[in-house]
């Protein structure tokens, strides 16, 4: 490992062999997020706005939206929403950095059907997905006036 970057509960690791791994559960498990990365080693990782950047030895820069690779999305100013683990088995955890958020969370299948919906208050919420079949789903988080977060996750 050449470099680490920590963003909330997400940890990113760049390697000497030109790969980037992400952990969304404080380092317990890791997944490759290196799609599209060409070059080695990864010398530095940096987050700015809604992107993760990697500086490569050959002078190149790799850039990916956080929403594609980490399930961390910037919302309203400097607020963040984190969704983990992904893939998930029985539960998903949604976290924000605001204690007083009142939002609605919906789990939607690939056909657009809403399968789970509930109101949450606070910064950390567990979503029971144990009754869902294996596959790809979307989570939508919104307040009374607008959608503030949409992301996909995989149910194992």
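Values quoted throughout were computed directly from the atomic coordinates according to the rules given, and no laboratory measurement underlies them. Here the structure is a predicted model, which is why all the values come from computation and not from measurement. FYI the Cβ positions are ideal-geometry reconstructions off the backbone, even for glycines, and counts take in every protein chain you see.
For the peptides 53-64, 13-24, residues were scored by their other Cβ atoms within 10 Å and the scores averaged per peptide; the highest-first order is 13-24, 53-64. Peptides 32-43, 125-136 ranked from most to least packed, by the mean per-residue count of other Cβ atoms within 10 Å: 32-43, 125-136.
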